[in-house]
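Please treat every number below as a calculation from the coordinates, not as lab data. Predicted model, so just to flag it, every value in this text is computed and none were measured. Please note: Cβ atoms are built from the backbone with ideal geometry, for glycine as well, and neighbour counts cover all protein chains shown.
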Amino acid sequence: MSAVFFKKSETKIDRSQRILPRHVGIIMDGNGRWAKKRGMPRQAGHQVGAANFKKITRYCNSIGIKHLTVYAFSTENWKRPKEEINALMDLFYDYLIEALRDFSEENIRTVFIGDVTAFSPKLQELIRETEAISADKTGMRLNIAMNYGGRDEIVKAVREISADVAEGKLRPEEIDGALISRHLYTFDQPDPDLIIRPSGEYRTSNFLLWQSAYAEYVFMDDILWPDFSTENLEEALDEYAKRNRRFGGV
Ligand code: IPE
Ligand code: IPE
Ligand code: MG
């Protein structure tokens, strides 16, 4: 594996002793390029990417990650051709049906973050059911970001807070960072410690903007999401364990 923002060092990490991030974010990018490289339609990449998402999610839970947020569809992804959007919606549908069938055996609590009201009534119903059947799970908390945008999320928070001010429930001086965090989709979770992006793009693409202020980024430039393996995840966790986080201190 190589990645732009870190050199693979010789320092070996003892994985049994390694400090794990409490919250991992993954930008599941590169499905389209994966398919194109094989002469297949972009949709084929999304299909393999979706299967990989299930594998990586289960693996994260098995190694003790407590919070995982995956970026599945952004507020900007509606700009894509109708055909691709339709294929993605069909995949979400299949995933939700499968999740309802199989995920009852998994100890994972699934929550959808983003404006899900943009999806079809049927998808919204399946989303609610999936959240409901997994609500009591005690294992990993999985956030699936669908029609999610970091800016959109902040706008939502500002609207809610302004409404409280307008109704006289809150004074402007009482607004602080903690209050804003409480109005985000992740209000009851720690901020992400580690954000992984495969595919060679070195940007956030509107993912967890507020929450990622002190996240460690691992950009992996020679792997596309459908091929992203549990070993790639382990490598990112090794890299995270080597980082020196200071949060502005010394
Ligand atoms: C990520 O893969 C999946 C979604 C955004 C839904 P892409 O579809 O962005 O794949 P590339 O980046 O075009 O290869
Ligand atoms: C980010 O990937 C969104 C998801 C992975 C769901 P994009 O492929 O949409 O991001 P850009 O367009 O390359 O910035
Ligand atoms: Mg992309």
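On the basis of being exposed (fewer than 13 other Cβ atoms within 10 Å of the Cβ), hydroxyl-bearing (Ser, Thr, Tyr) and without any contact (Cβ under 8 Å) to a residue 60 or more places away in the chain, does Thr117 make the cut?
Yes.
With assigned to a helix (DSSP H, G or I), more than 20 Å from Gly200 (Cα to Cα), of a type outside the set (Ser, Thr, Tyr) and in contact with an Asp or Glu (Cβ under 7 Å, 6 or more places away or on another chain) as the only criterion, which of Leu91, Leu100 stands out?
Just a single option satisfies the conditions, and that option is Leu100.
Residues are listed down the side, and each one gets a yes or a no for (1) in contact (Cβ under 8 Å) with a residue 24 or more places away in the chain; (2) within 17 Å of Arg22 (Cα to Cα); (3) touching a helix residue (DSSP H, G or I) at 6+ places or on another chain (Cβ under 7 Å); (4) hydroxyl-bearing (Ser, Thr, Tyr):
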site: Ser162; (1), (2), (3), (4): no, no, no, yes
site: Glu167; (1), (2), (3), (4): no, no, no, no
site: Arg171; (1), (2), (3), (4): no, no, no, no
site: Ile175; (1), (2), (3), (4): no, no, yes, no
site: Ala178; (1), (2), (3), (4): no, no, no, no
site: Phe187; (1), (2), (3), (4): no, yes, yes, no
site: Ile196; (1), (2), (3), (4): yes, yes, yes, no
site: Leu208; (1), (2), (3), (4): yes, yes, yes, no
site: Ile223; (1), (2), (3), (4): yes, no, yes, no
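Does Pro172 qualify as being more than 16 Å from ligand 1 (Cβ to nearest atom) and either closer than 26 Å to Lys79 by Cβ or crowded, with 19+ Cβ neighbours inside 10 Å (or both)?
No.
Which residues, counting only those in the range 81-91, are exposed (fewer than 15 other Cβ atoms within 10 Å of the Cβ) and of a type in the set (D, E, K, R)?
Passing the criteria: Lys82, Glu83, Asp90.
Let me confirm something: among Leu184, Leu208, Leu194, Leu179, which residue is more than 16 Å from ligand 3 (Cβ to nearest atom), touching a strand residue (DSSP E or B) at 6+ places or on another chain (Cβ under 8 Å) and on the phi < 0 side of the Ramachandran plot?
Unique residue meeting the criteria: Leu194.
Restricting to the range 16-68, what's the tally of residues that are polar (S, T, N, Q) and within 16 Å of ligand 3 (Cβ to nearest atom)?
Result for the range 16-68: 4.
Which numbered condition trips up Pro198, out of (1) buried (at least 16 other Cβ atoms within 10 Å of the Cβ); (2) within 16 Å of ligand 1 (Cβ to nearest atom); (3) more than 16 Å from the chain's Cα centre (by Cα)?
So the condition that Pro198 fails would be (3).
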